[in-house]
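Q: Quick one: the structure is below, and I'll ask about it shortly.
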Amino acid sequence: MKRTWRTGFGALVAAGLAGTAAAQPIYIGTYSQRGSEGIYATRLDPATGRLDAPRPAAKATNPSFLALHPKLPVLYAVNESGRFEGKPVGAVIAFSVDPATGALTELNTEPTGGPVPCHLAVDATGAHLVIANYVDGTVASFPIAPDGRLKPVAQLLRHEGSGPNAQRQKGPHAHGVTFAPGNDFVFIPDLGIDRIVGYRFDAKTGRLARHEPASPALHPGAGPRHFAFRPDGKTAYAVNELDATVTAFRWDAAAGELKPFATVAGVPRDFTGKNTAAEIVVHPTGRFLYSSNRGHDSIAVFSLGDDGTPVAVQHQPTGGQAPRNFAVDPTGRFLVAANQNTDNLLAFRIDPATGRLTPTGSEIAVPAPVCVLFR
């Protein structure tokens, strides 16, 4: 494995966990509720799946979703708010990361051009950051300076349309940002218009250009939220918030075309309660897929065959309410789920043969946890 500032940091913090070879550092984004101070940090013991007691890493307002620079010790966090500096926009914050301790120090903050930014991603070159602004369905592209600081918004694009859900789909709601393998496309799931909006991405300029063959419509009322690629880059998956389903797509990178080929339920067929889906993650091996359910309060586990079709194998309770987000550790051995409404995170061991989850017994308390980001 190529040694980066991230792996170096992991080796340093591992010294604090007796008997482990390489502790996995984790950052936790939160909402500013129930005493939350901002971004928290913890570590996962890769031998036992035990989570360290969390500690504050940086103070911030609603630092819900987080992203790391691929080359520099810099972390970015959205300020998921409707106003910033007296204007109806949110903000994004750049933090430097202390390679020895993981402590975060603010570098700068930029407005996002739209209200309530809810997701973000950095391109593979580390030169640009893209953000989804939920409320008005806008997508903002930011240049990144050589030291990791953010420059002002260089491009702001607005989605148009609506969906059949009168409460949630009166207009566009950009909800996620995913770069394709190859770094030449960006996908924005838009909950309000039932579409995965695809853009060609110019890594030299950071410019986005709408590409219709990569922008398929989903079934009405689906409400796509987040999007993830299988490691082979040939299939991708969207978690649909409103009807709690998962849609699978074929991705033709040469043609720039995304085609849906299967949609499966994210909850058991006999479940009749209220539920919305939240997150989707493909296992590093490409053999398993996971999505989260808020209401059923579970992680759905799917096996992925050679053709990429998801087949449900388990619905594992998360030990709390409203699992907003979760992440699989880089080794593929553990999954950590954040329960937003009950202020707790739990760790689960992943069966390498089936992908099924088993609680490790480790649980930590963090106020209003929203995002789990492994380092």
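The values are calculated or read from the model by the stated rules, or taken from the named source; none is laboratory data. Note that this is a predicted model, so its numbers are computed, not measured. Positions of Cβ are backbone-derived with ideal geometry, glycine not excepted, and every protein chain shown enters the neighbour counts.
Q: Exactly one condition in (1) within 18 Å of the chain's Cα centre (by Cα); (2) more than 27 Å from Thr360 (Cα to Cα); (3) not in a loop (DSSP other than H, G, I, E, B) is false for Pro63; which is it?
A: So Pro63 meets the others, but not (3).
Q: Quick one: would you say Pro181 is surrounded by fewer than 23 Cβ atoms within 10 Å (Cβ to Cβ), under 21 Å from the mean Cα position of the chain (by Cα), outside any strand (DSSP E or B) and free of Cβ contacts under 8 Å to residues at least 40 places away in the same chain?
A: Values: surrounded by fewer than 23 Cβ atoms within 10 Å (Cβ to Cβ): yes; under 21 Å from the mean Cα position of the chain (by Cα): yes; outside any strand (DSSP E or B): yes; free of Cβ contacts under 8 Å to residues at least 40 places away in the same chain: no.
Answer is no for this residue.
Q: Have a look at Ala11, Ala41, Ala22, Ala15 and point out the one that is at pLDDT below 95, touching a Gly at 6+ places or on another chain (Cβ under 6 Å) and either more than 22 Å from Phe326 (Cβ to Cβ) or among the small types (Gly, Ala, Ser) (or both). Give the derivation first.
A: On the way: Ala11 fails: touching a Gly at 6+ places or on another chain (Cβ under 6 Å); Ala41 fails: at pLDDT below 95; Ala15 fails: touching a Gly at 6+ places or on another chain (Cβ under 6 Å).
From the options Ala11, Ala41, Ala22, Ala15, the qualifying one is Ala22.
Q: Quick one: in the stretch 187-203, which of the residues that are in contact (Cβ under 8 Å) with a residue 40 or more places away in the chain and out of contact with any helix residue (DSSP H, G or I) (no Cβ under 9 Å at 6 or more places or on another chain) is farthest from His119 (Cα to Cα)?
A: Looking at the filtered set, the residue picked out is Ala203.
Q: Looking only at the stretch 291-306, count every residue that is of a type in the set (D, E, K, R) and touching a residue at least 24 places away in the same chain (Cβ under 8 Å) and tell me the total. Spell out the reasoning first.
A: The initial filter retains those residues of the stretch 291-306 that are of a type in the set (D, E, K, R), namely 294, 297, 306.
The next check asks that each one be touching a residue at least 24 places away in the same chain (Cβ under 8 Å); those that pass are 294, 297.
The number of residues fulfilling the criteria is 2.
Q: Oh, and also: List pairs: first in the stretch 43-65 and closer than 29 Å to Tyr134 by Cβ, second buried (at least 23 other Cβ atoms within 10 Å of the Cβ) and acidic (Asp, Glu), Cβ under 6 Å, 6+ apart or cross-chain?
A: Asn62/Glu80; Ser64/Glu80
Q: Assess whether Pro284 counts as being buried (at least 17 other Cβ atoms within 10 Å of the Cβ) and assigned to a loop (DSSP other than H, G, I, E, B).
A: Details: buried (at least 17 other Cβ atoms within 10 Å of the Cβ): no; assigned to a loop (DSSP other than H, G, I, E, B): yes.
Answer is no for this residue.
Q: Within the stretch 261-281, can you find the residues that are surrounded by fewer than 22 Cβ atoms within 10 Å (Cβ to Cβ) and not in a loop (DSSP other than H, G, I, E, B)? Please lay out each step first, then the result.
A: So the first thing to find is which residues in the stretch 261-281 are surrounded by fewer than 22 Cβ atoms within 10 Å (Cβ to Cβ), and the list is 261-265, 267-276, 281.
Answer for the stretch 261-281, where residues must be surrounded by fewer than 22 Cβ atoms within 10 Å (Cβ to Cβ) and not in a loop (DSSP other than H, G, I, E, B): Phe261, Ala262, Thr263, Val264, Ala265, Thr276, Val281.
Q: Only one of Pro152, Pro99 is out of contact with any helix residue (DSSP H, G or I) (no Cβ under 9 Å at 6 or more places or on another chain) and touching a residue at least 24 places away in the same chain (Cβ under 8 Å). Can you tell me which?
A: Working: Pro99 fails: out of contact with any helix residue (DSSP H, G or I) (no Cβ under 9 Å at 6 or more places or on another chain).
That would be Pro152, the only listed residue that is out of contact with any helix residue (DSSP H, G or I) (no Cβ under 9 Å at 6 or more places or on another chain) and touching a residue at least 24 places away in the same chain (Cβ under 8 Å).
Q: Output the residues belonging to the stretch 323-354 that are part of a loop (DSSP other than H, G, I, E, B) and surrounded by 19 or more Cβ atoms within 10 Å (Cβ to Cβ).
A: So in the stretch 323-354, the residues part of a loop (DSSP other than H, G, I, E, B) come out as 329-333, 340-343, 351-354.
Passing the criteria: Asp329, Gln340, Asp343.
Q: Also, quick follow-up: Within the bounds of the stretch 304-318, is there any residue that is within 12 Å of Val246 (Cα to Cα), among the hydroxyl-bearing types (Ser, Thr, Tyr) and touching a strand residue (DSSP E or B) at 6+ places or on another chain (Cβ under 8 Å)?
A: Yes, some residue in the stretch 304-318 is within 12 Å of Val246 (Cα to Cα), among the hydroxyl-bearing types (Ser, Thr, Tyr) and touching a strand residue (DSSP E or B) at 6+ places or on another chain (Cβ under 8 Å).
Q: Could you grab the pairs with beta carbons closer than 9 Å, sequence gap of 6+ or different chains, first residue in the stretch 117-136 and in contact (Cβ under 8 Å) with a residue 24 or more places away in the chain, second one of a type in the set (Asp, Glu) and buried (at least 24 other Cβ atoms within 10 Å of the Cβ)?
A: Filtered contacts from the stretch 117-136: Pro117/Glu80; Cys118/Glu80; Ala132/Asp190; Tyr134/Glu80.
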